[in-house]
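These notes are about the structure you will find just below.
The values are calculated or read from the model by the stated rules, or taken from the named source; none is laboratory data. Since we're looking at a predicted model, the values are computed, not measured. Positions of Cβ are generated from backbone atoms using ideal geometry, with glycine treated the same way; all protein chains shown enter the neighbour counts. Each accessible area value is taken on the protein alone, full model and side chains, heavy atoms only, with ligands, DNA and RNA left out. Shrake-Rupley method; radii C 1.70, N 1.55, O 1.52, S 1.80 Å.
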Amino acid sequence: MGKQVIILHGWRNRRWEGHWQRLAAAALRKAGHQVHYPQLPSPDEPRYEDWAEVVLTELALAREANQGEEIVILAHSLGCVTWLKLVADGLVTAPVDRVLLVAPADPKLVSDLSGYPLEVSGLGEKLAAVAGETLAVGSDGDEWIPNGIEETYGKPFGLPFVIVRGAKHFSLADGWGEWAGVINWVNDPTSDLSIR
């Protein structure tokens, strides 16, 4: 059996055709992995409590189905902040193997959303406790991370990070569809994430 992969989309995402997450879900399923790619509720007006319930349920289902393979989280934008808040709130009670945070929004930019203020104190240690590896991926020109991935997530939480030049917010509107690098990364964490 393949890995258990949980994909968490961002704000206003409806798992669009052609989006890198949907393409990755299909490719990873074809490769034999079990992929959980839930539509998170009310994507236009997200509430943390509702998203948290779905994510924790998917995580529990992945654990129940797992037969010794890795559990991998792929999150984008607000999906990243949701994961980070779950960790900060102590709701991820057993570790996963790897987490990829793609274009995680600056928590300050989403703090007005229902339930989304994020307590960052001690977050680096909590992330290390719930995942064998957490890697952040950002761009050099993402309006949702105005201070950059290094200043927002790398330095404060001690997270390793990768910068993919010209990727903006890794959205479909930015032309970010097929992304071989992320599929390769699920199979091999040393893969080059910049490969399209």
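Taking a straight Cα-Cα cut-off under 17 Å and skipping sequence neighbours fewer than 8 places away in the same chain, the lysines within cross-link reach of LYS126 are LYS85, LYS155.
Counting Lys +1, Arg +1, Asp -1, Glu -1, what net charge surrounds GLU53 among other residues with beta carbon under 14 Å of its beta carbon? Once all neighbours under 14 Å are counted, the net charge is -2. Nonpolar atom fraction for the range 21-170, defined as the carbon and sulfur part of the 1.4 Å probe accessible area, stands at 49 percent.
Full extension of the chain segment joining GLU125 with ARG63 gains 20.1 nm, where the gain is 0.36 nm per residue of separation less the Cα-Cα distance. If you take the Cα centroid of the range 33-77 and the Cα centroid of the range 126-171, the two points sit 20 Å apart. Extension gain, LEU91-LYS155: 0.36 nm per intervening residue step, less the Cα-Cα distance, totals 20.6 nm.
Think of a 1.4 Å ball rolled over the protein heavy atoms: the chain then has 44 Å² of accessible area per residue. Our estimate of slack between SER42 and LEU56, defined as 0.36 nm per intervening residue step minus the Cα-Cα distance, is 3.4 nm. If the reach is capped at under 12 angstrom between alpha carbons, list the aspartates and glutamates near LYS108, excluding any in the same chain fewer than eight residues apart. Straight-line reach from LYS108, under 12 Å: GLU119. Using C-alpha pairs below 8 Å separated by at least 6 residues, the relative contact order for the range 64-163 is 27 percent.
Each Lys or Arg adds one and each Asp or Glu takes one away; over the other residues whose Cβ falls under 13 Å from the Cβ of ASP142, this sums to -4. Take every DSSP beta bridge whose two residues both sit in the range 82-196; close to 0 percent of them are antiparallel. Considering helices alone, the calculated mean residue ellipticity of the chain at 222 nm is -8500 deg cm²/dmol, with DSSP H runs of length four and up weighted by -39500 (n - 2.57) and normalised per residue.
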